[in-house]
Amino acid sequence: MNERQGPAHGLSEHELSEIRMLIEERTGICFDESRERFFSTRVKEHLRAKNHERGTDLLRAIRKSNVEYEALLERLLTQETSFFRYPSVYEAFKKRVLPELHVKKFWKNPRTLRIWSAGCSTGEEPYSIAITISDSLSFSDSWNVEILATDVGRHALKHAEQGVYKGRSLGSVSAQQLTTHFAEVATGHQVKSRLRNMVTFAQMNLASAVYVGRMDLIFCMNVLIYFSEERRRSLVQRFYDTLEPGGYLFLGHSESISKMPVKFQAIVLNDCILYRKPTAEEHHKPELVAEGRA
Ligand SMILES: C[S@@+](CC[C@H](N)C(=O)[O-])C[C@H]1O[C@@H](n2cnc3c(N)ncnc32)[C@H](O)[C@@H]1O
């Protein structure tokens, strides 16, 4: 029996609300009114797919078994992504941030760059970072580049590790980049091992504080929008603490942290905002800097 043909199953408002609370408590993802329809449709789909008669059966299963819980969670995650999703962010990364890091770190030994892609979905974001570094950082081969790419979704991470993409996901990859950084395989284009070796994928839930070491850059794009205000605040504070002084936080276009108490410098470049952690000497500088073109 396929998911559509399954019998009508009982799922009360109360059970839906219990499931909603459980997901929020464990992952921080908040299904508010704007996403209510998406949430109830997906949970009902899941109930049918798992052949549970009632909502209480599903609740019991996800409370008892982590495998069952993760299966439901996977159905509820929004994992839309693509290479170079916001071209202006990668322009700013290439023209403003990488030259700054080059000057700051070139004479360090070892010459290491540590980057965290938090909520990396199927991997397009960390690989876009790796491509930008490889194409734009002077003497990129002489750097030790470590990109930690984490997500709560196991299926997405499996896809990311294989690094095979096709169709719309590759829409913003130039012909030159496709030839340089991808190999054609039967199922699409696979990111070459030189770039794949820069990236380490790991399952990680951003709702639990896990130590990842100091980072030069953190990309957390289109993840905070799914969290409650309180979770957002604590995560942004965690990112601040994790960044090296002078490090940058990249967020999605609709994610502003301007009202949060954390003291990032907001640098406005074209249509993107970069958040920079000031160095000890820079704490007196203005918090908002408009710089126009990248
Ligand atoms: C819309 S995608 C964004 C992907 C990519 N950052 C981008 O902007 O293209 C959001 C990702 O956040 C992940 N996510 C949501 N809640 C999470 C959590 N609590 N911990 C880790 N990852 C989470 C989802 O699994 C999903 O892959």
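The values are calculated or read from the model by the stated rules, or taken from the named source; none is laboratory data. Please read these numbers as outputs of a predicted model, since none were measured by experiment. A quick note on method: Cβ atoms are made from the backbone with ideal geometry, for glycine too, and the neighbour counts reach across all protein chains shown. Side chains included, ligands, DNA and RNA excluded: accessible areas come from the protein's heavy atoms. Shrake-Rupley method; radii C 1.70, N 1.55, O 1.52, S 1.80 Å.
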TODO: Residues being aliphatic (A, V, I, L, M) and either assigned to a loop (DSSP other than H, G, I, E, B) or within 16 Å of the ligand (Cβ to nearest atom) (or both): count how many of those fall in segment 87-110.
DONE: 2
TODO: Confirm whether Arg48 is among the basic types (Lys, Arg) and either closer than 30 Å to Ser134 by Cα or in the same structural domain as Lys158 (by TED's automatic domain parsing) (or both).
DONE: no
- [ ] Determine which single condition Gly55 fails, assuming it passes every other condition in (1) open to solvent by 20 Å² or more (accessible area, probe 1.4 Å); (2) more than 21 Å from Asn222 (Cα to Cα).
- [x] (1)
Open item on the list: Residue pairs, Cβ under 6 Å, 6 or more apart or interchain, first in segment 79-90 and farther than 10 Å from Gly171 by Cβ, second of a type in the set (Gly, Ala, Ser). List them.
Closed with: Gln79/Ser121; Gln79/Ala156; Thr81/Ser121
Task: Which numbered condition Phe84 fails, given (1) open to solvent by less than 30 Å² (accessible area, probe 1.4 Å); (2) part of a helix (DSSP H, G or I); (3) of a type outside the set (Ser, Thr, Tyr) - done: (2)
Open item on the list: Checking the conditions here, which among Ser82, Ser65 is more than 16 Å from the ligand (Cβ to nearest atom) and either of a type in the set (Gly, Ala, Ser) or in the same structural domain as Leu251 (by TED's automatic domain parsing) (or both)?
Closed with: Ser65
Open item on the list: Quick check on my filter: what residues within segment 95-118 are open to solvent by 30 Å² or more (accessible area, probe 1.4 Å) and within 19 Å of the chain's Cα centre (by Cα)?
Closed with: Arg114
TODO: Within segment 121-143, identify whether any single residue is closer than 14 Å to Leu217 by Cα, more than 16 Å from the ligand (Cβ to nearest atom) and not β-branched (Val, Ile, Thr), and answer yes or no.
DONE: no
Open item on the list: Every residue in segment 30-51 that is within 23 Å of the chain's Cα centre (by Cα) and open to solvent by less than 20 Å² (accessible area, probe 1.4 Å), please.
Closed with: Phe31, Phe39
- [ ] Give the residue that is farthest from Leu224 (Cα to Cα), with candidates limited to residues of segment 18-72 that are assigned to a helix (DSSP H, G or I) and of a type in the set (Ser, Thr, Tyr).
- [x] Thr56
- [ ] Could you tell me which of the residues Glu68, Glu53 is without any contact (Cβ under 8 Å) to a residue 60 or more places away in the chain, in contact with a Pro (Cβ under 9 Å, 6 or more places away or on another chain) and of a type outside the set (A, V, I, L, M)?
- [x] Glu53
Task: Scan of segment 203-233 for residues that are among the small types (Gly, Ala, Ser) and farther than 20 Å from Lys277 by Cβ, ordered by number - done: Ala207, Ser208, Ser228
